[in-house]
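The values are calculated or read from the model by the stated rules, or taken from the named source; none is laboratory data. Bear in mind that the values here come from a model prediction, so they are computed numbers and not experimental data. Don't worry about glycine lacking a Cβ; one is built from the backbone with ideal geometry, like all the others, and counts go over all protein chains shown.
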Amino acid sequence: MKYFLTIVLGTLIFISCSEKPSKKSDDKSANSKVVSSSKPDIAVGKISLLSSKNIDEYLGKNSMDRLTKVEESKDIPNLSVLSSDKSQKLTVYFHPGGKAKEFSEFKVNYNTQSDKYTKPISENEFETESKIKLGISIDDLKTIKGEPKNTYVGEITTLLYKIDDYKNSKFLKKYNYPSYYAQYKFKDKKLIEFKFGFELP
């Protein structure tokens, strides 16, 4: 009888131990979902960073001819389009030496001035593939992107996300850039501007 109880007890211990790895596996799966939710944005509407696909449809066939230089962008050539109601503005930035119609940075903000040279397109608003758009709250952004690398608090609160570990980043190696950033500006806890893309080496 004692021998039988020993066998039963040993069997139960073995089963209990063998179940623990599967639980850890589930935990890793849950963590991987959290990481994937903070995947860096590369698109606004139909256009993507460093891709000429849909550029003519979205920005017009003469986009390269319309590039301008402004002090705010540190002399990086850029051009802008407006949402259909002219309330929002999308600006795309072209890095010198890049391929035609492949833009390296995108910025979206509210349009605050009239400009007859900036044309509206059919989009009602500008939104990234992770559903970032003007008007969302700080909590909404953090739910999507997680905690930022840096936060600057003032009349305008700025959240900065960055990827700069080129050696260990498949994302950076894919696009052959040393770093990627995403910057979000909030006023009264609502998103009023966001800008993301690759930084000039």
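Overview of values
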read-out: Test: residue in the range 155-162 that is of a type in the set (S, T, N, Q) and closer than 23 Å to I76 by Cβ; value: yes
read-out: Residue pairs meeting the criteria (Cβ under 7 Å; at least 6 apart or on separate chains; first closer than 17 Å to K131 by Cα and surrounded by 10 or more Cβ atoms within 10 Å (Cβ to Cβ), in the range 143-155; second modelled with pLDDT of 95 or more and of a type in the set (K, R)); value: I144/K131
read-out: Boolean, K142 is of a type outside the set (A, V, I, L, M), at pLDDT 95 or above and out of contact with any Asp or Glu (no Cβ under 6 Å at 6 or more places or on another chain); value: yes
read-out: Within the range 126-142, tally of residues that are assigned to a helix (DSSP H, G or I) and surrounded by 13 or more Cβ atoms within 10 Å (Cβ to Cβ); value: 4
read-out: Qualifying positions in the range 169-201 - in contact (Cβ under 8 Å) with a residue 60 or more places away in the chain, aromatic (F, W, Y), out of contact with any Pro (no Cβ under 8 Å at 6 or more places or on another chain) and closer than 17 Å to I144 by Cβ; value: F194
read-out: Within the range 104-123, considering residues that are closer than 22 Å to L191 by Cβ and loosely packed, with under 11 Cβ neighbours inside 10 Å, the one modelled with the highest pLDDT; value: T112
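Residues are listed down the side, and each one gets a yes or a no for (1) at pLDDT 50 or above; (2) over 22 Å from the mean Cα position of the chain (by Cα); (3) not in a helix (DSSP H, G or I):
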| position | (1), (2), (3) |
| --- | --- |
| S18 | no, yes, no |
| P21 | no, yes, no |
| N31 | no, no, no |
| V34 | no, no, no |
| D41 | yes, no, yes |
| S52 | yes, no, yes |
| S80 | yes, no, yes |
| S84 | yes, yes, yes |
